[in-house]
Every structure is written in structure tokens, then in C-alpha cells.
Amino acid sequence: MQVRHEKFEVRTSGKGTYEITDEVQAKIDKSGVRNGVVTVFVQHTSCSLTMMENAAPAARRDVERFFEELVPEDANYEHDDEGPDDMPSHIRMVLTRTSESVPIVDGKIQLGTWQGIFLFEHRRAQHRRQVHLTIMGE
Amino acid sequence: MQVRHEKFEVRTSGKGTYEITDEVQAKIDKSGVRNGVVTVFVQHTSCSLTMMENAAPAARRDVERFFEELVPEDANYEHDDEGPDDMPSHIRMVLTRTSESVPIVDGKIQLGTWQGIFLFEHRRAQHRRQVHLTIMGE
Amino acid sequence: MQVRHEKFEVRTSGKGTYEITDEVQAKIDKSGVRNGVVTVFVQHTSCSLTMMENAAPAARRDVERFFEELVPEDANYEHDDEGPDDMPSHIRMVLTRTSESVPIVDGKIQLGTWQGIFLFEHRRAQHRRQVHLTIMGE
């Protein structure tokens with residue numbers, strides 16, 4: 001049994017979902033772990049993680065639109081000194097996920113047929129987002 | 001320290017919450033791991049995982065009703081070619097969980113008194129859902 | 001590789017977010033694990049876990065207010081025998097998190113600059129909440 005840490009950066013260009021499945025698999029390949037779990041962790045409070053249907057772009061747009069309406073920018077937030085998209089970003093992060101743990105078998109991440117891992121960017125401006133992977137296994 | 005993978009199938013018959021706590025405990029028993037963590041992972045994007053109060057069926061119905069109202073079927077989704085319950089299923093999945101990690105002590109999953117682990121089915125039709133467990137420990 | 005279990009109690013005095021980052025780090029220090037993952041697990045169905053911006057109290061109040069409005073107390077719940085704050089507590093738990101896994105490098109939990117781990121209390125009365133940590137690594 002071993003523990004391997006890996007990091008990578010995601011450059012985002014505005015609100016939306018960015019698939020990171022390939023980057024996660026590449027780091028698993030590099031680690032040499034064949035059998036275990038990868039824990040994906042985003043080190044931010046204004047973006048988050050989610051699993052998502054990875055084949056239908058329209059489905060992703062519907063998810064994004066749902067969050068725009070559920071957590072609107074113009075909701076009279078008390079904390080508004082960093083712009084109208086700041087407070088909604090924190091709430092959307094709370095409603096989604098920060099860590100996700102996925103099995104690894106024979107060196108491959110065990111996602112379902114239509115599953116992808118996505119970074120969910122909630123800010124309008126460009127950002128560099130840090131994703132930390134911990135790969136435990138043998 | 002060892003890693004054990006186990007899988008089981010949940011046959012669902014429409015929207016609702018299906019408790020899987022006993023299946024998870026049975027797989028821990030089979031694994032022989034006495035001390036560690038079980039990571040529960042659902043390999044789908046139209047059903048999800050959640051913890052829930054396991055003693056009160058009315059509480060479960062209230063949770064299910066809440067999601068019916070928060071993510072309605074008739075919301076004019078762009079992605080609607082798989083039926084009116086398809087897009088809401090993806091959004092409800094994003095709002096709940098795909099993986100959950102629970103401690104194991106003395107061979108027993110360490111849930112609180114009222115906690116159960118549930119598969120949350122978001123589609124109307126019957127489905128066979130795959131749950132993957134990774135049991136790590138000693 | 002080793003597995004260490006640690007527990008601590010959080011005394012809550014009504015609805016709100018209670019930061020537990022320091023307690024988690026103290027237990028990691030005590031465990032001697034320098035390199036691995038900590039899984040934080042709350043053993044309840046009427047409080048939950050969340051990551052949150054830890055520098056701006058106004059942001060936390062906005063998150064709390066959002067959940068008060070999204071899951072109101074007066075929504076005509078079927079399950080209402082434990083008071084008006086009971087059923088909303090279960091729904092808010094489902095919408096947030098029960099377990100969260102965070103990397104440990106050189107003995108330090110790898111949170112981002114503004115990230116804190118919070119217990120999110122959803123009940124009005126005082127409670128003693130149990131948090132279970134599983135620290136795996138070397």
C-alpha cells in the first residue's frame with residue numbers, strides 16, 4: 001500500500017463546467033497504483049467539483065442554467081464587496097462538492113459509462129484552479 | 001493494510017430512496033476488514049447517494065417531494081430527448097452525492113443511530129444500478 | 001500505512017456554521033500521520049458538513065440565510081412531530097455533505113487559503129454533535 005499525491009491546475013475562463021477526467025486518469029497512470037481509490041479535492045471556495053453526464057453538452061448547459069436561477073446574482077447579499085458573482089459562487093460550492101473519491105481497478109478509474117468528473121467554475125473572471133489528488137492503493 | 005473492491009446491484013422501480021446500508025455492511029463482513037474506511041460510489045448520473053434518517057418514512061417522502069418541487073420536470077430544459085424525468089435526474093444528482101466515505105471500526109460501519117445510506121433514484125422507469133465499494137484498512 | 005480513528009464532539013447552540021478545522025488538524029498532529037488522507041464524517045441526519053470561506057462572517061450569514069429561504073420551516077411537511085426545524089434539517093443535510101476527504105502532506109491538512117471545514121447545524125436547540133475522523137497514511 002502506498003500514498004501518492006499529485007496536483008494539477010485548471011485554467012478557467014468564466015462560469016461553467018470543465019471536464020478533468022483525463023487529467024485524473026493521467027495522474028493515476030503516472031502513480032503506478034493499480035488498485036485503490038483516488039480522492040479528488042479542489043482547494044477553493046468559489047468553484048467546486050461535480051460528477052456529470054459527459055456526452056451531452058445541452059445537459060451541462062441545463063445544469064449551469066439551473067444554478068444561475070437557484071442562486072441568482074441579484075439576491076441582495078450582505079457579502080457583496082467582491083462583485084455580484086462572488087456570494088453566489090460560495091453558495092453554489094456548498095450545494096455541490098469539494099472532494100470526491102473514486103475507485104481504481106487495474107489502473108483505471110471506475111467511472112460509469114456516462115460519468116465524467118468536472119470542475120464547476122462559479123466565477124466570471126479567468127482563474128487558475130488547483131486540484132489535489134491523493135491516490136492510495138497498491 | 002489491504003484494498004478490497006466489492007460491487008452490488010440495486011434494482012429500482014421508480015423515483016425514490018432505497019436503503020443500501022445492509023448490503024454495504026454485508027460486503028464489509030465478507031471483506032474481513034475490521035478497521036478502515038468504506039468508500040461507496042454510484043456509477044451513474046441519473047441516480048445518486050445520500051445519507052438519510054432511516055426510521056421515518058414520512059421524512060423520506062418529504063425529502064423526495066422537496067426535490068420534485070425544487071427541480072421540476074416541466075422547466076423547459078434544452079436537453080429533453082430522453083423524457084421529462086431525464087434532465088431533472090442529472091440536476092438532482094449534482095445536488096446530492098456520488099461518493100460517500102464511512103469509517104469502519106471492529107468490522108462495523110460507524111453510522112449514527114438514525115443514519116442510513118440510500119441510493120436516490122431519480123428516474124421513473126425500472127433500472128439496475130451499480131454500486132461500487134472500496135474497503136481499505138486492516 | 002496505518003489507520004487511525006479519532007472522535008471529537010462539537011457543542012452547538014442553534015442553527016449556524018461552526019468551524020472545526022483546528023480540531024481536525026489537532027487530531028492529525030496527534031495521529032502522527034504525515035502523508036495521507038483524513039476522512040471527516042458526521043454521525044447525524046440533522047446537521048451536516050460543508051467547506052466554506054473562513055475569513056468573511058458575512059459570507060457565512062448569506063449561506064445560512066440562503067438555506068433558510070430554500071428550505072423554509074413552514075412548508076407543510078408531512079413529518080412534523082419533532083418541531084418546525086426538524087424536517088428542514090434533514091433536507092439541508094441532504095443538500096450539503098456528510099463526509100469529506102482532505103489530503104494530508106507533511107502532517108498538514110491541504111486546505112486552500114480561504115477554505116475551512118465547518119459543521120453546519122440545522123436545529124435550533126443545543127446539541128452535542130459527534131465527528132468521526134479516519135486518518136489513513138504513513
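Using a 7 Å projection from Cα along Cα-to-Cβ, the label point at B:Phe8 is separated from the same position in the remaining copies by 3.4, 3.4 nm, smallest value first. Heavy-atom accessible area buried between chains B and A is around 2500 Å² (1.4 Å probe, both sides summed). Distance to the A-onto-C rotation axis is smallest for one chain A Cβ; residue and value in angstrom are A:Met1, 2. Ordering C:Phe41, C:Val10, C:Gln25 by the projection of their Cα atoms onto the charge dipole of the stretch C:1-57, which places +1 on the Cβ of Lys and Arg and -1 on the Cβ of Asp and Glu, puts C:Phe41 at the extreme positive end. Only Lys, Arg, Asp and Glu carry charge here, each on its Cβ (+1 for the first two, -1 for the last two); on that basis chain A has a dipole of about 660 debye about its Cα centre.
For the protein assembly as shown, the dipole from Cβ point charges (+1 on Lys and Arg, -1 on Asp and Glu) about the Cα centre works out to 1820 debye, to the nearest 20. Measure off, as a whole percent, the carbon and sulfur share of the 1.4 Å-probe accessible area of the stretch C:1-87, all protein chains present. Roughly 42 percent, rounded to a whole number.
Couplings 3J(HN,Hα) of the stretch C:124-138, computed from phi: 6, 6, 5, 9, 9, 9, 9, 10, 10, 10, 10, 10, 10, x, 9 Hz, in residue order, whole Hz [Karplus 6.51 cos²θ - 1.76 cosθ + 1.60, θ = phi - 60°; x for Gly and Pro]. Across B:Glu78, B:Glu6, A:Glu64, the residue with the most accessible area heads the list, and the full order at a 1.4 Å probe is B:Glu78, A:Glu64, B:Glu6. Going by a ≥ b ≥ c, the root eigenvalues of the Cα gyration tensor, does the stretch B:42-91 fall in the rounded group (a/c under 1.5), the prolate group (a/b larger than b/c) or the oblate group? The shape class here is oblate. Could you give the distance between the Cα centres of the stretch B:49-123 and the stretch A:13-65, to the whole Å? Cα centroid to Cα centroid, the span is 20 Å. Normalised per residue, the accessible area of the stretch A:1-87 is 42 Å², obtained with a 1.4 Å probe and no contribution from ligands, DNA or RNA. Just check the stretch B:25-67 against the gyration tensor rule for me: Cα atoms, a ≥ b ≥ c as the square roots of the eigenvalues, rounded for a/c under 1.5, and otherwise prolate or oblate depending on whether a/b exceeds b/c. Taking the square roots of the gyration eigenvalues as a ≥ b ≥ c, the stretch B:25-67 is oblate. Ranked from shortest, the separations from the 7 Å Cα-to-Cβ label point of B:Gln130 to its equivalents in the other copies are 3.5, 3.5 nm. If you take all other residues with their beta carbon under 15 Å from the beta carbon of A:Arg34, and give Lys and Arg +1 and Asp and Glu -1, the sum is +2.
Taking θ as phi - 60° and the Karplus parameters 6.51, -1.76 and 1.60, the scalar couplings of the stretch A:2-9 work out to 9, 10, 10, 9, 9, 10, 8, 10 Hz in sequence order, x denoting glycine and proline.
Considering only C:Asn35, C:Asn76, C:Asn54, the mean-square fluctuation computed in a Gaussian network model of chain C, springs between alpha carbons under 10 angstrom, is largest for C:Asn76.
Comment: the Cα-to-Cβ extended label point of B:Glu68, at 7 Å, lies 2.9, 2.9 nm from its counterparts in the other copies, nearest first.
Less than 13 Å Cβ to Cβ from A:Val24, Lys/Arg counted +1 and Asp/Glu -1: what total charge do the surrounding residues give? Combined, the nearby Lys, Arg, Asp and Glu give -1. With a 10 Å cut-off around each Cβ of B:103-109, the average count of Cβ atoms from other chains is 3. The alpha carbon gyration tensor of the protein assembly as shown gives principal lengths a ≥ b ≥ c with a/c below 1.5, which makes the shape rounded.
Residues of the stretch B:52-82 that lose at least 50 Å² of accessible area (1.4 Å probe, protein heavy atoms only) when the other protein chains are present, relative to their chain alone, are B:Glu53, B:Asp62, B:Phe66, B:Leu70, B:Glu78, B:His79. Using the alpha carbons alone, the radius of gyration of the stretch B:50-138 stands to its Kirkwood radius in an Rg to Rh ratio of 1.04.
Compared with the alpha-carbon gap, the fully stretched path from A:Glu82 to A:Arg128 is longer by 14.8 nm at 0.36 nm per residue.
Using only side-chain charges placed at the Cβ, +1 for Lys and Arg and -1 for Asp and Glu, the dipole size of the stretch C:20-75 relative to its Cα centre rounds to 460 debye.
The values are calculated or read from the model by the stated rules, or taken from the named source; none is laboratory data. Since the model is a prediction, treat every value here as computed from it, not as a measurement. As a convention, Cβ positions derive from the backbone with ideal geometry for all residues, glycine included, and neighbour counts pool all protein chains shown. In case anyone asks, the SASA skips ligands and DNA or RNA and just uses the protein heavy atoms, side chains included. Shrake-Rupley method; radii C 1.70, N 1.55, O 1.52, S 1.80 Å.
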